[in-house]
Each structure stands twice: as structure tokens, then as C-alpha cells.
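The values are calculated or read from the model by the stated rules, or taken from the named source; none is laboratory data. A quick note: this is a predicted structure, and the numbers were derived from the prediction, not measured. Cβ: placed from backbone, ideal geometry, glycine included. Neighbour counts: every protein chain shown. With ligands, DNA and RNA removed, areas are computed over all heavy atoms of the protein, side chains included. Shrake-Rupley method; radii C 1.70, N 1.55, O 1.52, S 1.80 Å.
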Number of protein chains: 2
Amino acid sequence: MPPHPPTTVPTVPPEPGGSGGDYSKVIRHNGDFTWQGVPLEAYKATTEAWCGITRRELSGKRGETQCFHVRYFEIAPGGFSTLEEHDHEHVVIPLRGRGEVQFGCSIYRVGFGDVVYIAAGDPHQFRNAGDAAEPFGFLCMVNAERDAPRPVAGAIACTICE
Amino acid sequence: MPPHPPTTVPTVPPEPGGSGGDYSKVIRHNGDFTWQGVPLEAYKATTEAWCGITRRELSGKRGETQCFHVRYFEIAPGGFSTLEEHDHEHVVIPLRGRGEVQFGCSIYRVGFGDVVYIAAGDPHQFRNAGDAAEPFGFLCMVNAERDAPRPVAGAIACTICE
């Protein structure tokens, strides 16, 4: 084993700005799907197309320099994301509760540890069940440089299957 | 709520090659930190510098086109990764057990949901405790295009602190 015994170290980086900056750091999970120094953020401007979603930016938006962003989203019982499409990919890994993802006309129920890949251009939506006991929470990784999502009308032909 | 009720759909994509290809897909977690269609892979050529590590490529190496790779590593009790440095960043999120991460001369004990960012160029190592009851498992996200790691001698001056 390496020579360094476990030691107690501060959980908050000493640099100015808390968790913001391009230096090695540990962002502590509080045990309840909140993180030290990571604020709750608005998902996007409210419309009828989405409901009950919160977002936390875990890495990539506060000075880190990798080519991707890591976010944590939660969808409350009865909530859903916009049915949308875009030219960048999604990689989603659920951590909390269960939910469903639709891409094209396929619907998958997903839970802890499943790996969802949404290919570029595929219309998709994430939802929690109306009678769910807890939020549906998931990591969502995306390219840092990406296009804006475009809402998709509900009655389109499926661009994946047709 | 959207008009699509939950339905049962195949968990394995219908395309040839199983989970390989640039199409939307769900890679099922089997509930034990293994995934359908995702093989166990060798970490890298065995040396005295690392011990007890397994790797699974979850997204980015089988036809997906995002600019990053998502991998799942496990470090067995008593195991550790190479003390190394490289010019790309790491984003690590533990999912299983507990372990410790060292960057420079700082050591952090980490567990489920903590977000570890290793800045480019910082020497670092991941370890499990010798008396741990279970593997230390974590997601590790990296840029798809990245340089090779360079081993670091154990007795260097800390490039972060000094």
C-alpha cells in the first residue's frame, strides 16, 4: 500500500471562491443529493413543456477545464422534461428513484446505475411517475460546447423508427 | 403529463452488435455494478504501481460520439491506482464503498456522490482501505482525446502545494 495514511483534511478547498476554480477539489455530497457549495439552479425558463425539474452543476461550470459538463437533475413526482432534440449527445445515469426515458417512440423504465445514451438528433424526454414516492434524480453529462435544445411537437413521426 | 404511458420494451437494443453503435440506448445495470453487454476490461499492463483494479467502459468507446468517455472502476480492498499525472482532467464520482483520493499531498476520504475533480497536471492516486468490506467503485469521466498517464515517483515534492 502507498505510504500515506488516511488523514483528516478540510472538505472545502482553501482557495478563494470556494469550489470555483481550476484546481483539484472534492465537492462533498451531503448525503441527500445536495452538495456543499453547489447551488440549486433554475432548469430553464418555465413553459408548459416541462415541470418539476431542478438542476445542480457538479463539474465544468466553475472553472474546471474538461471538455464536458456534469450535472445532477431531479424530476419531482409527476414532473417531466421538455420533449426536445439537439445536435449533442446525452449520457444519463440515474442515482435516485426511478423514472422513464423516451427516445423516439421507445420508452424505458430506468433506475440506479442504468446508462442512457441519447444520440445526437434523437427527440427525447425524461419523466417521473405521477405516483412516485421520491424524486427521479440522475447525472447528465454533455459536451461543454453544445447547441441549444429545440422543443419537439408531441405528434411527430418518430425520426428513429421511421 | 405526456401522452405516452409506461410500456415494456426490450432492454437490449435491436441493432447488430448489442450495445455498440451510435444510436440511443439503455445499458442496463444488473444491480451489482455490472452492466449488460459491458465486459470487464484490463486496467492496464500490470506493474508494481497499481493493484486490484477493474474497469468497465460505460459510454464513449462503443460507437457513441460525445467528446468524453464514462468508465466505472473498482478498487478491491487493499488495492490502489498508479500514482500518476497527465495533462487531462478527471471527474470522479464514487458509487460503491468508500476510498481515498490523494492529489498532491492532500488526502480525502470519499464516498457515494462526492465529486472529485483532478486538475490537469496534478499527481493523484485512488485507494481502497486494506480492511475495507467491499470494493471502492466510482464513475470516472475523461476527455475522449487525452494524453497518456505518466507515473510519478512517490517521494516528489508536491507540485500543488509547493
Problem - Sites matching GluC sites (Glu not before Pro) across the stretch B:46-129 that sit in DSSP coil, with at most 15 neighbouring C-beta atoms within 10 Å - result: B:48
Exercise for the section: Note down the net charge around residue A:136, summing +1 for each Lys or Arg and -1 for each Asp or Glu among other residues with Cβ under 10 Å from its Cβ. Expected result: 0
Practice task
With a probe of 1.4 Å, find how much accessible area the stretch A:43-148 has per residue, and write the answer as a whole number in Å².
Solution key: 32
Handout entry: Accessible carbon and sulfur surface of the stretch A:89-128 relative to its total accessible area, %, 1.4 Å
Key = 45
Fill in the blank from the handout: Log entry, pair A-B: total buried accessible area, probe 1.4 Å, protein chains only, in Å² rounded to 100, is 5100
Exercise for the section: Please get the size of the charge dipole for the stretch A:56-145, origin at its Cα centre, with Cβ charges of +1 on Lys and Arg and -1 on Asp and Glu, quoted in debye to the nearest 20. Expected result: 320
Problem - In nm, spacing of pseudo-spin labels at residue B:55 and residue A:98 (7 Å Cα→C-beta vector) - result: 3.4
Completion exercise
Ignoring ligands, DNA and RNA, the residues of the stretch B:128-149 whose accessible area with a 1.4 Å probe is reduced by 30 Å² or more relative to the chain alone are B:139, B:141, B:143
Handout entry: Given charges at Cβ of Lys, Arg, Asp, Glu: the stretch B:30-112 dipole, positive-most of B:33, B:107, B:68
Key = B:33
Problem - Pair residue B:42, residue B:148: separation of 7 Å Cα→Cβ label points (nm) - result: 1.4
